[in-house]
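**Student:** Right, I'll just put the structure down here and ask away after.
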Amino acid sequence: GAGVSQSPSNKVTEKGKDVELRCDPISGHTALYWYRQRLGQGLEFLIYFQGNSAPDKSGLPSDRFSAERTGESVSTLTIQRTQQEDSAVYLCASSYGQGLSPLHFGNGTRLTVT
Amino acid sequence: GIQVEQSPPDLILQEGANSTLRCNFSDSVNNLQWFHQNPWGQLINLFYIPSGTKQNGRLSATTVATERYSLLYISSSQTTDSGVYFCAVFSGLGGGADGLTFGKGTHLIIQP
C-alpha cells in the first residue's frame, strides 16, 4: 500500500483479556518498529524488526508483550492479560532498514483497557 | 546511549510568527529526521536530513552534524502547524531500536 497501515484503529478491551495489534508496513521496507505513546508523552520504543528477525527486544515492558513478523511484511504485537496501564496509542513505523532512510508511521491503534 | 534534547519544550505563538526549534545530540549520528505529530496523533516525516539544509514550503531544516545540532524553521506559522515536533537520530551504535533515538519533542501551539 501507499503507507503504513495499522488495525484496528481503536480497541477497547477488558482487563485480563488478550489483544492483537496489526501493522502492514510499506511494501519493500525491511525495518519495522513498534512504539507506545501514552497520553501527552513521547515515543516509547518497544521492538524493532529487520526482516523477520527481532535483533532488539529490549523495549518490551514485560513478558506479557510479544511480537512477530512474517514474510518480511505484516507484524503483530500481542499483549496478554491486559492491564489498565497498557492503555496507550501503539504506533508502527517502517523504513528501508538500518536507519538509513526516512521512517514512516502508521496512524496507530488506540488501546483502552477498562 | 546517545542523548537527544529538544528545545524549547513548549512554544506558543500567534499566527504569522516565525519559530526555530532546536535538536541537540550527544554523539555522532548517521542521520537525523524531523517529525510533526498533529493534534489527531498522526506522525508525519518532515525531513530526512543527515547534514546541510533542506526546504519544503514554509518549513526548512538545517543539520550541522559536526556541532551536533539541528534546527527546524517554521515561517509564517499557521494554526495547522500546531502539534508536537520530534527529532530522531540514528547513530548506528545499537543500544536499542537499531540505534534510533527520539527526543521528547517540542509542543507548538499556534493561536489564531
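**Student:** If I filter the stretch B:16-37 for residues that are at pLDDT 95 or above, within 12 Å of chain A (Cβ to nearest Cβ) and in a loop (DSSP other than H, G, I, E, B), do I get at least one hit?
**Tutor:** No; the residues of the stretch B:16-37 include none that is at pLDDT 95 or above, within 12 Å of chain A (Cβ to nearest Cβ) and in a loop (DSSP other than H, G, I, E, B).
**Student:** Please work out which one of (1) crowded, with 22+ Cβ neighbours inside 10 Å; (2) of a type outside the set (Gly, Ala, Ser); (3) in a helix (DSSP H, G or I); (4) modelled with pLDDT of 95 or more is the condition residue B:98 fails and give its number.
**Tutor:** Against the list (1) crowded, with 22+ Cβ neighbours inside 10 Å; (2) of a type outside the set (Gly, Ala, Ser); (3) in a helix (DSSP H, G or I); (4) modelled with pLDDT of 95 or more, residue B:98 comes up short only on (4).
To keep it simple, each residue is scored yes or no on (1) under 15 Å from residue A:104 (Cα atoms); (2) touching a strand residue (DSSP E or B) at 6+ places or on another chain (Cβ under 6 Å).
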{"site": "B:20", "(1), (2)": "no, yes"}
{"site": "B:24", "(1), (2)": "no, yes"}
{"site": "B:30", "(1), (2)": "no, yes"}
{"site": "B:35", "(1), (2)": "yes, yes"}
{"site": "B:42", "(1), (2)": "yes, no"}
{"site": "B:47", "(1), (2)": "yes, yes"}
{"site": "B:75", "(1), (2)": "no, no"}
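**Student:** Which of the residues that make up the stretch A:29-58 are polar (S, T, N, Q) and either surrounded by 14 or more Cβ atoms within 10 Å (Cβ to Cβ) or under 15 Å from the mean Cα position of the chain (by Cα) (or both)?
**Tutor:** Scanning the stretch A:29-58 gives A:30, A:37, A:50, A:52, A:53, A:58.
**Student:** What about residue A:76, is it closer than 24 Å to residue A:16 by Cα, in contact (Cβ under 8 Å) with a residue 60 or more places away in the chain and of a type outside the set (Lys, Arg)?
**Tutor:** Taking the combined requirement at face value, the residue does not satisfy it.
**Student:** If you take the residues in the stretch A:19-68 that are more than 14 Å from every other protein chain (Cβ to nearest Cβ) and of a type in the set (D, E, K, R), which one is farthest from residue B:5 (Cα to Cα)?
**Tutor:** It comes out as A:20.
The values are calculated or read from the model by the stated rules, or taken from the named source; none is laboratory data. Not measured: the values here are computed from a predicted model. Using ideal geometry, Cβ is built from the backbone for each residue, glycine included, and neighbour counts are taken over all protein chains shown.
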